[in-house]
Amino acid sequence: MQEQAAHAILDGPADIVIAAATAGGKTEAAFLPICSLLVGAATGSVRVLYVSPLKALINDQYSRLDALCEHLEIPVHRWHGDVDTAKKHQVLREPSGVLLITPESLEALFVLRGTQVSGLCGGLQFVVVDELHSFMGTERGRQLQSLLHRLELTVRRRVRRIGLSATLGDMSLAAEFLRPRERERVTLITSSAEGHELRVQVRGYERPARIKPTAKSNSQLDQTPSGTGDTEDSLDDISIAQHLFRVLRGSHSLVFANSRMEVEFFADLLRRECERLKVPNEFWPHHGSLSRDLRQDVEAMLKDRSRPTIAVCTTTLELGIDIGAMSSIAQIGSPPSVASLRQRLGRSGRRGDPATLRVYVREEEVTLDSAPQETLRLQLIETVAMVELLLRQWYEPPVTGQLHLSTLVQQVLSVIAQCGGARPIEAWTALCKTGPFESVSQGMFAGLLRELGVHDLLTQSTDGTLLLGGAGERIVNRYDFYAAFVSPEEYRLLAGGKPLGTLPISQPIVEGMSLIFAGRRWRVVSFDELQKVIEVVPSAAGKPPRFGGQGGTKHDVVRQEMFRVLRGSEVPRYLDATAQQLLREGRAEFRRLSLDTCSVVQRGDCTYLFPWRGDRASNTIMLHLRALEFDAVAEAGVVGIFKAPSAALATTLRRLSDMGPVDAVELARTVRNKGSEKYDWSLSESLLCEDFARRALDPQGAWEAIANIVSARGVESESP
DNA sequence: GACCTGCTGCGGATTG
C-alpha cells in the first residue's frame, strides 16, 4: 500500500483515496511522499492542508508529523479551538508547510478572514482529509465538501485531494465524496493486509421478567431525598459484569456499551467489584459527556502499558487517537452497525495477534404479554446477522442523495460573510452548480433565499446583491456559527470545583438526588439553573443518569440477513450454550408464526407486520398507515397496528400495493416534527418536506415490502 | 432505546 501510494502521489496529478484498517500506516503512506515533494519549497504559503474530524487526532498527528518533518525543514502548524491566537497569527504572518485544521476552524477562517485565505493558501499543493469515512453522509461532511470547493474557488485552481479512509464495501462512494461528479478520476488504493485471524464469541443472557412498578411506588422512589433511588442491579447484568471482570482483568481492553448510561452503569459495577475484592481498580468509563481531563487520563492509561487498563466506552474510542493494540474487545448489546463493529474490532489483534471479540446479548424472559419481537429473540438474531455480515466483509454504505438544506443555509450565510455580499446566481453557481449541493436546482435555491429573507437572515440591496439581515448578522457573529451540527444545552457537573463533565438539560435535577457519573457515586448539593452548574459530593448510592438521544437506524441488508438467520437451521459455533438456546427458541417461534411465508401476526388487538427491511422503509410504512388514520408504530423494524379491523387493514395494504411507491414528499407533509438539523427552522414547509423525504424515507423499499406482504398468505382473501 | 464531533474578536495610543 505504501509503495502504491508513493507512486500515485509522486507520478500523477490524480486525487487519491487510501483505505486501510485502523492504524494501518495511512498517514505515513500519504505524508512520506508528500513531504519529499515539499523539501526545499515549503515556505511562502501553506503547502498542505490536513483536515481532521477531531482535535485529539490533530494533536496526535502533530507530534508524529513534527518529528517526521523536523529534519526536512518543513514547518508543521496546528489550528483548532484550543490553539493560542498568537500561534494562529504567526501562521497568518508567515504561512508555510503543513497546516492541521478542523472543518470548523476552516469555516471560521472564511467568515472572519475571507480576504486572507488566498494569501494563506495561494501555493497550496495538497488537501489531506483524515478519517474520510466519518464525514460521509453527514452534515459535517457536506460542510467540508463545500469548504474544499470554496477553497479552490478562492485560489482559482484545482488542488489535489487525498482521502484517508477505513475500508468501505463500495470504495467508489469515498471517491465520489472526495471529488464530487468525478469519482472515476480518483485513484483508489486499498490495503490488502485485512484478513488476520478473528476469534468471536456471542454470549446469551436471559433477564428475568420484571414486575412493572405501579405509578405510585415509582413516584415515592423519586421523592425520597436521601438518595435511596439506587438501582437494583439485575441478575443478567451482574453475570455479564462478572464475566467481564474474570476475562479482562489484568489486560488492556475496550468494553463498548451502546449508551453513556450503560457505560456508567457497568463502570460503576466493575469498580465496586474491585473494591469488594480489595484489588486496585482497572475499569474506567470513557464517553463524550466526561470532561476532557478525565478522558485524557483514561487515554494515557491505555497508552501506558505498565498497568492494566480496561475502558468502558461509547463510540469515543472507536476511531481517532492511537492507543495501541488492545488484547480484546467486548460489546454489550448488539452493535449499532456492522461498519461500527468492524471499526471496534480493528482496535484489537494487530501485529499478527488474533483479534478477539465477545458480544454479550440480553433477552427478556418470555411471558404471556411478550411482543413477537421478544419471543423471536430479535436482539440475538440481529447480533448473529451482524456477525455473519462482518465475516462476509459487508459494511453499511453511507446514506447518499441527501439535500442537506440546513447546511446549505449555513454555507449561504458564510459565503456572504466571506465576500461581503453575493449575487444570487453567484451563490447558486458556487455552492450548487459547481459545488457539492448539486441536487439543489436554481428554482429551489431561489425559494430558499426568499425564506431566509422572511426570517431576516438575508436582505437584498437595490442592485440585487444579497447581504446579511439583522438576524443573519447576529447568527454569523456568534462563535457557534462555525459548526454545521446542533449541540444540546448542557449543565456542567463540578465536584470540589473540578469539572467532571456535562449532563443534558433534559435531565430533571433535584438537590439531594444521587447519581452515577464518571464511574463513581455522587449526591447533588447545589444546583444553579442560571449558570447551568451542578455541584456534587461523593455518595454511597446512585443510579446512572439518562443522557437522551435519538434512535439509530438499521440497514435493509441487516434485516434481510436476520430473516435468513431465522429461516436457517445452522447453529453458529461462536454462540455459547444460552445463545444457542435463544436462537433455537427464536427459530421455533418463527416457524410457529409461519413467518417465512406470511409476514403478518395478530396478537390481542395488535397486528404486527414484518417487512424485514431497514428502518427508513419500516418508518415509511408506519407513516403511510398513520396518514390513513391507523394507529401504527414502528419498533425494531416491526410495524405494529393497534385496534385495526383486519378486513380494513387488508384492503388498505392491497390498495397500497397496487398504487406503487408513495410520493415521499407528500407523505412528509403529514409528519409534524420533521425539523432536527441546525437551520431546519429557517426552511419553508415545502423545502423541509423535500429534505426530510430524502433523509428519512424509503418509498421504494416500503412499497416492495408491502407488495411482498400482500402477495404472501395472510392478506390474500379476495372477498369484496 | 444512540453515539460523536466543533467554535471569535482589534488596532492604536502610551510608556520605557
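Worth a mention:
- Sites matching chymotrypsin sites (Phe, Trp or Tyr not before Pro) across the range A:423-509 that sit in DSSP coil, with at most 16 neighbouring C-beta atoms within 10 Å: A:Phe485
- Exposed trypsin sites (Lys or Arg not before Pro) absent: longest stretch of chain A, with sites in DSSP loops and at most 12 other Cβ within 10 Å deemed exposed: A:1-155
- Across the range A:304-378, the volume of the C-alpha convex hull divided among the residues equals 122 Å³ per residue.
- By the beta-carbon count within 10 Å of each Cβ, the least crowded to most crowded order of A:Met622, A:Met386, fewest first, is A:Met622, A:Met386.
- Along each principal axis, taking the top coordinate minus the bottom one, the Cα set of chain A gives 75, 72, 56 Å in descending order.
- Pairs of Cα atoms nearer than 8 Å and 6+ residues apart set the relative contact order; for the range A:518-594 it is 19 percent.
- For chain A, with +1 on Lys and Arg beta carbons and -1 on Asp and Glu, the positive-most of A:Ala209, A:Phe590, A:Gln4 along the dipole: A:Gln4
- Dividing the helix sum by the residues of chain A, where each DSSP H run of 4 or more adds -39500 (n - 2.57), gives a mean residue ellipticity at 222 nm of -12500 deg cm²/dmol.
- Farthest positive-ward along chain A dipole, Cα basis, beta-carbon charges - from A:Pro336, A:Val186, A:Ala647: A:Val186
- Summary value for the range A:558-664: 21 percent relative contact order, contacts being C-alpha pairs under 8 angstrom separated by 6+ residues.
- Sorted fewest first by neighbouring Cβ atoms within 10 angstrom, A:Trp681, A:Trp79 come out as A:Trp681, A:Trp79.
- Dipole in debye (nearest 20) - chain A, about Cα centre, beta carbon charges: Lys, Arg +1; Asp, Glu -1: 760 debye
- In Å, descending, principal axis extents of the Cα set of the range A:25-167: 39, 38, 31
- Neighbour count of at most 10 Cβ within 10 Å plus DSSP loop: longest GluC sites (Glu not before Pro)-free window in chain A: A:233-488
- Taking each residue as 0.36 nm, the span from A:Leu37 to A:Ile505 lengthens on full extension beyond its C-alpha to C-alpha distance by 163.4 nm.
- Listed residue (A:Phe630, A:Asn619, A:Phe265) projecting farthest to the positive dipole end of chain A, Cβ model: A:Phe265
- Euclidean distance between Cα centres, the range A:609-631 to the range A:123-137, Å: 38 Å
- Kirkwood hydrodynamic radius of the range A:612-720, from the reciprocal of the average inverse Cα-Cα distance over all distinct pairs: 14.6 Å.
- A convex hull fitted to the Cα coordinates of the range A:568-656 yields 114 cubic angstrom per residue.
- Over chain A, relative contact order from alpha-carbon pairs under 8 Å, at least 6 apart, %: 13 percent
- For the range A:131-192, a simple Cβ point-charge model (Lys and Arg +1, Asp and Glu -1, everything else neutral) yields a dipole of about 440 debye relative to the Cα centre.
FYI, it's all coordinate maths here, none of it is from the lab. Here the structure is a predicted model, which means the values were calculated and not measured. Positions of Cβ are generated from backbone atoms using ideal geometry, with glycine treated the same way; all protein chains shown enter the neighbour counts.
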